[in-house]
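Written below as structure tokens is the structure these notes are about.
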Amino acid sequence: MASGYEELSFGGDPDREPRIRAWAAARAGRLAVCGAALAAAGAVGVHLYGSSRTPPPPPDAPFPVQLRFLVFTCDADPGPGNCSPQEGAAHRRTLAGRMRAMPELAEVTVVTGEEQHRRVVAEAAVTGEWTGPADRALFADELGGTLRRSGDFAAVAARIEAMPGVYDVFRVPTDFWAGRADLAVILCGTDGWSIQECPRNRPPGAVGAATDTEKEAIFAWLRGRPGVEAVHLEDRGHAARLQRHYNPELPAGDRRFRADVINESFRVKLSGPAAAPEIAKGVRSRPGVRNVQVIGSR
């Protein structure tokens, strides 16, 4: 049973992220849905006032219930271990039928390759981050499930993974920030992705987490952009609590829950989608920024 989407994006194991990025690029369609599958849970954040140099913390709001997961089937991609390719759509129909018979599930859906492809292309148009191929043929249909109770995930995942033609089942987090922000500006940290990406915009020899000076400059730049309604700073403590909430089956000592290896981020609420591409392009080139991500709305 996989450990969850968050391992495949910011805040994961710094030693694992470069390998994950290569793995993700090779399986663009199967992972695209996860990046956009973070569901809405609330309304907007705090507006920017006056000339404050300190961004507000995350809103004081309940974390959303985690009910959704994704099933990766073998099909044309045999995956790891003894996963043997199955017969595409026919296999998915059989698997979906078996899943719908499970009383713990409220819903089973097909996440089409068309939908995944559309999301990847749309996000790349905003962030400019995607550099892999966008060939529609790379995006395979997958199955999504919705639990009736979050606590049933481990047992349900184990039963589905035992079915023929399944090589992975993992949670798709319902994002605390969806509906509260539109862009996530991920700051430099000590993870492998930061080591690879952050030097492009920093002075020679500058390494490690974003400095206070860098954060102040990034916040000031964001605050001054037309179309920016609010900016929150998500510190490592809040991010670590979200990681634990998104991945409750993982042991408490898992490295990705450690605040010292999690990236801080600015969460940016926009007045409308038209502002997103220019803001994403401008902020991603500033010292102290690792990358920019679109926050999903589902």
Quick one: which residues, 5 or more positions from Asp168 or on another chain, have an amide H under 5 Å from its amide H? H modelled 1.01 Å from N in the peptide plane, none for Pro or chain starts.
Phe72
Return one quarter of the surface area of the convex hull spanned by the alpha-carbon atoms of region 87-127, equal to its mean projected area, in nm².
4.0 nm²
Between Thr211 and Ala106, 0.36 nm times their residue separation minus their Cα-Cα distance comes to what?
33.2 nm
How big is the accessible area of Trp193 in square angstrom, nearest 10, if you roll a 1.4 angstrom probe over the protein chains?
30 Å²
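Suppose the chain between Met163 and Glu129 were pulled fully straight at 0.36 nm per residue; how much longer would it get relative to their current alpha carbon spacing?
Difference between extended and current length: 8.7 nm.
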With label points built 7 Å along Cα→Cβ from the Cα atoms of Arg53 and Val65, find their separation and express it in nm.
4.5 nm
Would you please give the residues with an amide H less than 5 Å from that of Glu229, counting only those at least 5 places away or on a separate chain, with H modeled from the backbone geometry?
Lys269, Leu270, Ser271
Place a point 7 Å from the Cα of Ala89 in the direction of its beta carbon; the residues of region 99-120 whose amide N falls under 18 Å from it are 109-117
Whole-Hz Karplus ³J(HN,Hα) for region 252-257, in order, using 6.51 cos²θ - 1.76 cosθ + 1.60 and θ = phi - 60°, x for Gly and Pro?
4, x, 4, 4, 5, 8
Please give the solvent-accessible surface of Asp254 in Å², to the nearest 10, using a probe radius of 1.4 Å with every protein chain present.
30 Å²
Arg149 and Ala274 label points (each 7 Å along its Cα→Cβ direction) are spaced in nm at 4.9 nm
Report, by chain and number, residues whose modeled amide H sits under 5 Å from the one on Asn291, excluding near sequence neighbours (fewer than 5 apart, same chain).
Ile186
Which of the GluC sites (Glu not before Pro) found in region 202-295 are loop residues per DSSP with 16 or fewer other Cβ atoms within 10 Å of their Cβ?
Glu249
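The values are calculated or read from the model by the stated rules, or taken from the named source; none is laboratory data. All of these numbers come straight from a predicted model, not from anything done at the bench. Note that each Cβ is placed from the backbone with ideal geometry, even for glycine, and that neighbours are counted across all protein chains shown. Protein only, heavy atoms only, side chains kept; ligands, DNA and RNA dropped before computing areas. Shrake-Rupley method; radii C 1.70, N 1.55, O 1.52, S 1.80 Å.
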